[in-house]
Amino acid sequence: MKKLNKTAFIFVLYNTASAEVKRLKIEVERLGLTNYKIYFIDNTKSKKGYAQGANEGIKKAVEDKCDLFIVANPDISLEGIYGNDLLSGGKKFDIWGLAMEQQGKIYFGGEIDPWLLTGGLITEKPRTRFKKTGWISGSLMIIKRKVIEKIGYFSEDFFMYYEDVDYCYRAGKAGFRIGIDSNFVYKHFEVSANNPEKTKFLAKAKKIFFKKYANIWQRAYGFARFPKAVLEEILRFSFDKLSIAQDDKKTQSSFFVNFASLNISSLINKLLNFFLFIFLIRYLRPSEYGVYTLVWAQVSLFSPIVDLGTTTYGIIDLPTEKKQRFLSLFNLRLLIAIAVFFLTVFTGALMFKGNSRVVIYIFLTSIVIFSNVFSGSYLIKNAVEGKLYNSSLVSSIFNTLLILTLTFFIVVFKSLPFIFLISFIFYSAYCFINYFLIKKDLKELTFRIDIKVWRNFLETSYVYVLIGFLAGLYFKIDVFLLQIIKGEREVGIYSAGYKFFEGMMFIAASYNISRAPMLAKLAKKGLHFLQRAVDRDIFFFGLSGFFIAFFFYFFSPFILPIFLKGNYQESITVVRLVMFGLPFIFVSSVFLNSIYVLKKAKVIIYIFIFQVIINFILNLIFIPRYSYLASTYITLLSEILNTVIFFIIYKFLVKKTDHENIG
C-alpha cells in the first residue's frame with residue numbers, strides 16, 4: 001500500500017490572538033487530511049523576521065519527515081476548501097498556491113518584472129485551471145520536500161516581504177515548476193495592510209532583491225528610471241505625513257503622482273521646445289518661421305480625426321470598462337491614421353498649390369500622425385492602469401534627444417529641409433519605441449478587424465472627434481487667415497508671440513488627462529463630490545492663470561528682448577496681451593472636464609461651432625486692417641466668451657442632474 005505524504009502546516013505568528021490560532025486549527029482539521037502536523041511559530045517575543053520564523057517551522061517539519069510544507073500567514077481562511085483541493089496542484093507543480101482573495105480582489109499568483117525585478121500580483125484569471133506563474137504569495141505557499149533539499153530555506157536577508165518572491169525565483173532558476181490552481185480561492189485578510197511601516201519594509205525588500213539578482217542591463221534600466229522613482233517616493237512620503245482618510249489617500253496620491261509626473265514631463269518638453277524655438281527665431285527669418293508654423297498647423301489640423309476622440313474616450317470611459325477593449329481601440333486608431341495621413345498630404349497640396357517645397361515638408365512631418373497613434377495608445381494604457389508617469393518618462397527622453405539633435409542641425413546648417421528631415425527620422429523611431437512598449441505588456445497585440453466593437457467605439461467617440469477637430473480649427477484658423485491675407489512674415493511674428501502663450505497651456509492639458517478619470521469616478525460616487533472638486537480646481541487654476549498673466553504683462557518688456565530680437569521685437573506685444581487668455585483657458589478646462597464626465601459632451605460641439613464661426617468672421621474682418629494684433633485681441637475675447645458659456649452650461653447641467661436624481 002502506497003504511503004500517504006505527511007503534510008506540514010507552518011503558521012508564522014506575530015501578536016496573533018488565541019482565537020485566531022484556534023480558528024486555524026479547526027479549518028486545517030476540516031480539510032480532511034489524515035497525515036499532517038501543524039507548527040505554530042510565534043515571533044511575538046523574538047521579533048524575528050517572517051523568513052526566519054518560516055525556516056524554523058520547516059526545519060522542525062523536516063526532522064518529523066514531512067513531505068509537503070504549507071507555509072502560511074495566520075490571517076488567511078481556508079473555509080470551503082478540502083484537502084484534495086489544496087494538494088491537487090502537486091500534479092503539475094513543485095511549488096504552488098491557490099487563487100487569493102485580498103482587499104476585495106482576486107489574484108492568481110504573481111509575476112516578476114523582467115527589467116525592474118519587482119514582484120506584482122496577477123489580476124487576470126487564467127484560461128486554464130493550472131497556470132505557471134513567476135511566484136506564489138507567501139500567505140499560502142505549498143512546497144515539495146525535493147525543493148527544500150535542493151535550494152534550501154527562505155533567505156533571511158528579508159525581514160518582511162519578498163521572501164516568497166526570492167524563494168520562487170531561486171526555485172525557478174533551479175528548474176522547479178511554479179504555479180497556481182485557479183479553481184479554488186482562499187481569503188487573505190492582509191492585517192499588514194494597516195501597518196504604517198509597510199512601505200518602508202517593502203521598499204527595503206525590493207532593494208535587497210534587486211541587488212541580489214540584477215544584471216548590468218537591469219541596473220542600467222533602474223538607473224535610467226531613478227528620477228521617476230524618486231518622484232514617487234517623495235509624493236508617497238508626503239501623503240503618509242498628511243492626515244488623509246485611508247480610502248481617499250490612494251485616490252488622491254494616484255492623482256497627484258500622475259498629475260505631477262505629467263506636469264514635470266510637460267514642463268521639460270515645453271522647456272525643450274522653447275529652447276528649440278529660441279534657436280529657430282535666432283537662425284530663421286520670420287517668413288521661414290512662418291512656413292515652419294504653417295506646416296505644423298496643417299499636420300495637426302486633422303489630429304483629432306486620427307485620434308477619433310479615443311484618447312479622451314479611453315481615459316474617461318475605459319476605467320469603467322473591460323481593459324480587453326484596448327486592443328480593438330488600438331487597431332481602430334491605426335487604421336484611421338493611414339487614411340488621415342493621405343488626407344493631410346492631399347489637403348496640404350491643395351492649400352499650398354504651387355509651393356512644392358511646403359508640400360514636401362508636410363509629407364515628411366505627417367509621420368507624426370502615426371507617432372501620435374502609438375504614443376497616444378501607450379498613454380491610454382498607462383492612464384487606465386494609473387501609471388501615466390511611464391508615458392511621461394518616455395516622452396521626456398524622446399523629446400530631449402529630438403530637440404538637441406534639431407538644435408545642432410539648425411546651428412550648423414540653418415536650413416528648414418534639415419529640420420523636417422530630422423523630425424521625420426525621429427518620429428519614425430518613436431513609433432516603433434511606443435509599439436514595443438505596448439507589446440511588452442500586451443503579448444497578443446495583433447491587427448484584427450472588429451467591425452462590431454469599432455461601431456460601438458465610434459458611437460461613443462464621434463463626439464470627441466468633432467470637439468477635437470473644432471477645437472483645433474478654433475486655435476489655428478487665425479494662422480491660416482493671416483497667411484492668406486497678409487503672408488508668411490505676419491504668421492511668423494504672431495506665432496513667435498503666441499508660442500509663449502501656447503507654452504503655458506501644458507498645465508491645462510496635463511490637468512485634463514490626469515484629472516478626467518478622477519472626476520468621472522467622483523461623478524459616479526455623487527454629484528456633490530464632483531461639485532466640490534470643481535470648485536477647488538477653478539479657484540486654484542484661475543488664480544494661477546492670473547498670476548502668470550500679470551507676470552508676463554509687467555516683466556515681458558524687460559525679459560523677452562533677450563529672446564525676441566531683431567524682426568521678432570513686434571511679437572512682445574502679442575505675448576503681453578494674449579497671456580490674459582490663460583486664466584480663462586484654465587477655468588474652461590475645468591468646466592470642459594466636468595461636462596465630459598456628466599456625459600453631456602455633445603453640448604461642447606455647439607459651443608465650438610459657434611466659436612469657430614465667430615473667430616472666422618472677426619479675423620476675416622479685422623486682419624486686413626490690424627494684421628496679427630487683430631488675431632491677438634480676438635483670441636483673448638474668445639477665451640473670455642468661452643469661460644462664460646461653459647460656466648452657464650455647467651451650472652445648468654448640475655442643476656438638471658440634481659433634479660433628476662431627486663426625482
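Structure notes:
- Filter result for residue 619 (over 35 Å from the mean Cα position of the chain (by Cα) and within 18 Å of residue 495 (Cβ to Cβ)): yes
- Test for residue 326: is it closer than 21 Å to residue 450 by Cα and either modelled with pLDDT under 85 or over 26 Å from the mean Cα position of the chain (by Cα) (or both): yes
- Residue 594 vs. criteria in a helix (DSSP H, G or I) and either outside the structural domain of residue 552 (by TED's automatic domain parsing) or over 32 Å from the mean Cα position of the chain (by Cα) (or both): no
- Number of the condition not met by residue 379 [criteria: (1) within 28 Å of residue 482 (Cα to Cα); (2) touching a residue at least 40 places away in the same chain (Cβ under 8 Å); (3) not acidic (Asp, Glu)]: (1)
- Inclusion of residue 124 among residues that are among the acidic types (Asp, Glu) and in contact (Cβ under 8 Å) with a residue 60 or more places away in the chain is not warranted.
- Residue that is surrounded by the fewest Cβ atoms within 10 Å (Cβ to Cβ) [pool: residues in the range 91-113 that are among the aromatic types (Phe, Trp, Tyr) and part of a strand (DSSP E or B)]: 107
- Pairs, first free of Cβ contacts under 8 Å to residues at least 40 places away in the same chain in the range 455-469, second in a helix (DSSP H, G or I), C-beta under 7 Å, six or more apart: none
- Test set (1) more than 30 Å from residue 210 (Cβ to Cβ); (2) modelled with pLDDT of 95 or more; (3) in contact with a Gly (Cβ under 7 Å, 6 or more places away or on another chain) - residue 82 fails condition number: (2)
- Candidates are the residues of the range 512-565 that are of a type in the set (Gly, Ala, Ser) and within 20 Å of residue 579 (Cβ to Cβ); the one that is surrounded by the fewest Cβ atoms within 10 Å (Cβ to Cβ) is 544.
- Applying the criterion of being hydroxyl-bearing (Ser, Thr, Tyr) and assigned to a helix (DSSP H, G or I) to the residues of the range 410-444, the residue that is farthest from the chain's Cα centre (by Cα) is 423.
- Failed condition for residue 172, given (1) surrounded by fewer than 17 Cβ atoms within 10 Å (Cβ to Cβ); (2) under 25 Å from residue 128 (Cα atoms): (1)
- The residues on offer are 448, 333, and the sole one that is loosely packed, with under 15 Cβ neighbours inside 10 Å, touching a residue at least 40 places away in the same chain (Cβ under 8 Å) and farther than 19 Å from residue 265 by Cα is 448.
- Criterion (at pLDDT below 90, in a helix (DSSP H, G or I) and over 30 Å from residue 601 (Cβ atoms)) met by exactly one of 553, 568: 568
Here is a yes/no grid of residues against (1) over 27 Å from residue 510 (Cβ atoms); (2) not polar (S, T, N, Q):
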residue: 382; (1), (2): no, no
residue: 392; (1), (2): no, no
residue: 413; (1), (2): yes, yes
residue: 417; (1), (2): yes, yes
residue: 432; (1), (2): no, yes
residue: 442; (1), (2): no, yes
residue: 458; (1), (2): yes, yes
residue: 469; (1), (2): no, yes
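- Only listed residue being among the aliphatic types (A, V, I, L, M) and at pLDDT below 75, chosen from 445, 470: 445
- Failed condition for residue 600, given (1) under 20 Å from residue 647 (Cβ atoms); (2) in contact with a Phe, Trp or Tyr (Cβ under 9 Å, 6 or more places away or on another chain): (2)
The values are calculated or read from the model by the stated rules, or taken from the named source; none is laboratory data. As the structure is a computational prediction, the values presented were derived from the model and not from experiment. Every residue, glycine as well, gets a Cβ built from its backbone with ideal geometry; the counts of neighbours run over all protein chains shown.
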